[in-house]
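The values are calculated or read from the model by the stated rules, or taken from the named source; none is laboratory data. Bear in mind that the values here come from a model prediction, so they are computed numbers and not experimental data. So basically every Cβ, Gly included, is an ideal-geometry build from the backbone, and we count neighbours across all protein chains shown. Note: accessible area is taken over every heavy atom of the protein model, side chains too, but ligands, DNA and RNA are not part of it. Shrake-Rupley method; radii C 1.70, N 1.55, O 1.52, S 1.80 Å.
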Amino acid sequence: QECSKKQKNDDTQSTSVDALSSNDGFEEKNEFHTLANAKILLSDCLACDNCMTSEEGARVFQQNQKELFRILNLNKKCDTSKHKVLAVSICPQSLPYFAAKFNLSVNDAAKRLCGFLKSLGVHYVFDTTIAADFSILESQREFVQRYQRRNQEEHALPMFASACPGWIRYAERVLTNLVTSHICTAKSPQQIMGSLVKGYFARQQNLSPDKIFHVIVAPCYDKKLEALREDFYTALYNSQEVDCVLTSGEIVQIMEQKNVSMKDVTEVAVDSLFDEIKEGDVVRHDGKRSDGYLEHIFKHAAKELFGMDVKEITYKALKNKDFQEVTLEKDGETVLRFAAAYGFRNIQNMVLKLKKGKFLYHFVEVLACPGGCLNGKGQAQTEDGKPDKALLNQMEEVYAAIPVRLPETNMHVQKMYQDWLEGMDSKKVQETLHTKYSAVNQTASSLDIKW
């Protein structure tokens, strides 16, 4: 079927659906039985019925609050040998939503969210910033390698960022190998967090990966699709590295169902993957609304390739605020040209230039949502599906005020490269932190679900 995103622009009207639950057979009464099904709004999400199979549709809708509560209740009722260790990992772009919505500092929001989740029965609450550290470091190294091979390999450049599952879905299902060969092979922060929790952390706790139920809290619905990828699955343990993705808005729905206000929740420090250490204050990466791949890779490439220390980056807006470029000049010559392309209108214009051979950029940070990750449709929309611009502005202010930490300065990451991943150039690094993106020739079957 023809992809609807080829015709529709970012202003497409939202359609809402009630999330279908695969757990409808699980109807015994429990403290969560009154939970309402989530309304999913998918106007700017890639998951249209033209690129989803019916099986994928069913599995996406399994990832709702009821699946979390099924595990919580299982832990309360069954013997301990069948218990699951519940771990929740929170994306950095979700925290400003809770801070802005409940008028809290971002550090208070993180601790109160942790306290609320633990009051439900969650055992561990993690911050996915460390996974983004790995993803950015691997992306930086890959870009430098691609740049050095640009005259020998046809598809070395441009390099496209791989962190956004909406963009990846579109590239694999619609844009073919013309584009997929240019996508950075570094896994997204979500995928790497799955490896950290069910690989590194599971080993530290002497747990089998299938004994951990891993939930991601994220800004957008496409993360639910990402969790289903075959390369995100460990066959040996019959275990997905992420078992369930809930949007920030779905967490707030749980609070509303339980009549809990964030301001009434006890603060609890966020857990670390390392022994009994707790996380300190919230930190972020460079970048206005996302994990900052463009800024980190640009500064790293300037240093590694041209010996230049870039302190501040100047963005130049082109056709609109969601398509901006950054350049580096040396001896009067432009040696690096990067771009940020957010939203499908800009993505399609970018791909058109690539097809015509008029593409000037070495790297593009591509995000499916206009405005970037903070504007994910799982947190930045009103109940009637319209953009909540006031809330988004607040989130941007909160996010901009979070201190920046360079991935290179995270000593835990450097130690894990040596102790867990067997060195930065090891085969285990490739297996754990990288994947392969390629065109998917798949005819989606019609769905009864109307998106």
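For the stretch 353-374, check the following and say yes or no: at least one residue is out of contact with any strand residue (DSSP E or B) (no Cβ under 8 Å at 6 or more places or on another chain), open to solvent by 60 Å² or more (accessible area, probe 1.4 Å) and either under 21 Å from CYS184 (Cβ atoms) or not assigned by the TED database to the domain that holds VAL144 (or both). For the stretch 353-374, residues out of contact with any strand residue (DSSP E or B) (no Cβ under 8 Å at 6 or more places or on another chain), open to solvent by 60 Å² or more (accessible area, probe 1.4 Å) and either under 21 Å from CYS184 (Cβ atoms) or not assigned by the TED database to the domain that holds VAL144 (or both): present. On inspection, VAL366 does not qualify as under 17 Å from ASP291 (Cα atoms) and touching a Leu at 6+ places or on another chain (Cβ under 9 Å). VAL282 falls short on exactly one of the conditions (1) closer than 19 Å to LEU117 by Cβ; (2) open to solvent by 50 Å² or more (accessible area, probe 1.4 Å), and that condition is (2). GLN240 meets the conditions (1) of a type outside the set (Ser, Thr, Tyr); (2) open to solvent by 30 Å² or more (accessible area, probe 1.4 Å); (3) at pLDDT 95 or above in every case but one. The failed one is (3).
Any residue at all in the stretch 289-307 that is assigned to a loop (DSSP other than H, G, I, E, B) and modelled with pLDDT of 95 or more? Taking every residue of the stretch 289-307 in turn, at least one turns out to be assigned to a loop (DSSP other than H, G, I, E, B) and modelled with pLDDT of 95 or more. Selection of first residues in the stretch 295-322 that are closer than 21 Å to PHE344 by Cα and of second residues that are among the β-branched types (Val, Ile, Thr), restricted to Cβ pairs under 8 Å at least 6 apart or on distinct chains, gives the following pairs, ordered by first then second residue: TYR315/VAL326; LYS316/VAL326; LYS316/THR327.
Which of the following residues is surrounded by fewer than 18 Cβ atoms within 10 Å (Cβ to Cβ) and within 30 Å of ASP108 (Cβ to Cβ): ALA317, ALA269? Working first, answer last.
Values: ALA317 fails: within 30 Å of ASP108 (Cβ to Cβ).
After ruling out the rest, the residue left standing is ALA269.
Would you please name the residue that is modelled with the lowest pLDDT, looking only at residues in the stretch 275-288 that are in a loop (DSSP other than H, G, I, E, B) and touching an Asp or Glu at 6+ places or on another chain (Cβ under 8 Å)? Among residues in the stretch 275-288 that are in a loop (DSSP other than H, G, I, E, B) and touching an Asp or Glu at 6+ places or on another chain (Cβ under 8 Å), the one modelled with the lowest pLDDT is LYS288. Every condition in (1) touching a helix residue (DSSP H, G or I) at 6+ places or on another chain (Cβ under 8 Å); (2) modelled with pLDDT under 95; (3) more than 28 Å from ASP108 (Cβ to Cβ) is met by ASN375 except one, and the failing one is (3).
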